[in-house]
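What follows is a set of notes on a single structure, which appears directly below.
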């Protein structure tokens, strides 16, 4: 038995010694059709729960942005007062005037306008997390429009005023309380 060397298979031709009607493996692989591409997966939620959750998150985001805008607008008087305080330097008379105008802008006029002396200092300390106006700084604030002050006292007063403007607490009336107070003012003769 003599071995005959096998002829190499080139291309998709069937070898001459293959039985008729049979295909070789390379021929069958060439006939394969690639599988279809799956459709792209959408990043948009499909289920009603996911859509509702997305809508809720969008509403919460819009509410947060609206609330931050309200806070920013409500604190415009603080930014204006701090800018004016920066321009005045450490002049105690102007610092006292800026503090008074800031308090009038933040609180009802009936609550602030008539305050003088120790009542004014108590009001400032009451609406502020500290007691910066209790000691010498408070006396400097009260006497500043009428007498010269020492520069160190003026700087301390200006720093206390900046801190008060930044950190004083304003309690806003609720809608119901403001409605009732307006109705009471309209009803009074």
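If the condition is being part of a helix (DSSP H, G or I), surrounded by 10 or more Cβ atoms within 10 Å (Cβ to Cβ) and within 15 Å of the chain's Cα centre (by Cα), then segment 71-85 contributes 72, 74.
Scanning segment 86-130 for residues that are assigned to a loop (DSSP other than H, G, I, E, B), in contact (Cβ under 8 Å) with a residue 40 or more places away in the chain and surrounded by 15 or more Cβ atoms within 10 Å (Cβ to Cβ) yields 90, 91, 107, 127, 128. Residues that are farther than 20 Å from residue 166 by Cβ and at pLDDT below 90 within segment 52-96 comprise just one, 93. Do the conditions hold for residue 49, that is, is it within 20 Å of the chain's Cα centre (by Cα) and modelled with pLDDT of 90 or more? Taking the combined requirement at face value, the residue does not satisfy it.
The single condition among (1) more than 42 Å from the chain's Cα centre (by Cα); (2) under 30 Å from residue 163 (Cα atoms) that residue 24 does not meet is (2).
Mind telling me which of the residues 16, 8, 35 ends up being outside any helix (DSSP H, G or I), over 30 Å from residue 146 (Cβ atoms) and at pLDDT 85 or above?
Matching residue, one of 16, 8, 35: 35.
Every residue in segment 136-169 that is in a loop (DSSP other than H, G, I, E, B) and at pLDDT 80 or above, please. Of everything in segment 136-169, those that are in a loop (DSSP other than H, G, I, E, B) and at pLDDT 80 or above turn out to be 168, 169.
The values are calculated or read from the model by the stated rules, or taken from the named source; none is laboratory data. Note that the structure is predicted; figures quoted are calculated from it, not measured. Quick reminder, even Gly has a Cβ in these numbers, built from the backbone with ideal geometry, and neighbours come from all protein chains shown.
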